[in-house]
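Where a number appears in this text, it was derived from the coordinates with a stated rule and is not lab data. Only a predicted model underlies this, so the values are computations on that prediction, with no experimental measurement involved. Methodologically, a virtual Cβ is constructed for each residue, glycine included, from the backbone with ideal geometry; neighbour enumeration extends over all protein chains shown.
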Amino acid sequence: MRKLVVATSNPGKLPEMQQYLKGLDWQLQLKPPELDVVETELTFAANARLKAITVAKALGEWAIADDSGLVVEALQGAPGIYSARYGKTDSERIARVLRELGEESHRRAQFVCVLAVAAPDGSIIAQSQGVCEGEILNSPRGTQGFGYDPIFYVVQYRQTFAQMSPELKQRVSHRGLAFTQLLSQL
Ligand code: IMP
């Protein structure tokens, strides 16, 4: 079975990726913690590629990386690639987005996820992007999920990500869409 190293320091991403990639004959494994990759690039795609390439070359193994975040139109795309760094905790990050949006009526936003798979020589062999459209609510709603889920409302389902069952979120989310596309390339 081929080994695929998950290029993230977040151990929570391993079971999630295992779930999405369960149809494939790959054995997923978390990258060693001492191999740290700083996200220095300015787009989701460039950061995902950087993480996959760096880890693949350092270990001489196949590697998969993702980069994702929330893009709020009225905030000129913020928090974007800085989503994880927009505050110290999830609630501080949510509070900051709500404060910066204030009474703004244009509340459209997208969640974006880019996935990249690198071969042991560092060449990118597959890359995909998933986008989920939504709106930023005035206050949080729902208790499931993580991150900005409670303020991201998906009009089609009349629910925030934090109100959705894990199965529904997996199907409609930016990450779910990106994995579906990636699977067709592998
Ligand atoms: P990454 O781990 O560098 O990709 O960080 C992405 C950041 O974007 C996370 O820390 C969250 O703040 C946010 N984010 C990405 N995907 C989601 C999601 O599905 N729900 C809520 N927040 C998300």
Filter the stretch 66-85 for residues that are near the ligand (Cβ under 9 Å from one of its atoms) and crowded, with 20+ Cβ neighbours inside 10 Å; the one that is farthest from the chain's Cα centre (by Cα) is 79
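Can you tell which of 162, 178 is among the small types (Gly, Ala, Ser) and touching a residue at least 60 places away in the same chain (Cβ under 8 Å)? Working first, answer last.
Details: 162 fails: touching a residue at least 60 places away in the same chain (Cβ under 8 Å).
Going through 162, 178 in turn, the sole match is 178.
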Kindly evaluate residue 129 against the criterion of being in contact with a strand residue (DSSP E or B) (Cβ under 9 Å, 6 or more places away or on another chain) and either closer than 23 Å to residue 81 by Cα or surrounded by fewer than 17 Cβ atoms within 10 Å (Cβ to Cβ) (or both). yes
Of the residues that sit in the stretch 165-186 and are within 16 Å of the chain's Cα centre (by Cα) and of a type in the set (D, E, K, R), which one is surrounded by the fewest Cβ atoms within 10 Å (Cβ to Cβ)? 171
Tally the residues that are farther than 14 Å from residue 72 by Cα, among the small types (Gly, Ala, Ser) and more than 13 Å from the chain's Cα centre (by Cα), restricting the search to the stretch 96-135. 5
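Being small (Gly, Ala, Ser) and out of contact with any Asp or Glu (no Cβ under 9 Å at 6 or more places or on another chain) is the filter here; which residues of the stretch 102-117 pass it?
Of everything in the stretch 102-117, those that are small (Gly, Ala, Ser) and out of contact with any Asp or Glu (no Cβ under 9 Å at 6 or more places or on another chain) turn out to be 102, 105.
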Return only the number of the condition from (1) of a type outside the set (Lys, Arg); (2) touching a residue at least 24 places away in the same chain (Cβ under 8 Å); (3) closer than 17 Å to residue 122 by Cα that residue 23 does not satisfy. (3)
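The rows are residues; the columns are (1) closer than 24 Å to residue 176 by Cβ; (2) outside any loop (DSSP other than H, G, I, E, B).
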{"residue": "29", "(1), (2)": "yes, yes"}
{"residue": "33", "(1), (2)": "no, no"}
{"residue": "40", "(1), (2)": "no, no"}
{"residue": "49", "(1), (2)": "yes, yes"}
{"residue": "54", "(1), (2)": "no, yes"}
{"residue": "58", "(1), (2)": "no, yes"}
{"residue": "65", "(1), (2)": "yes, yes"}
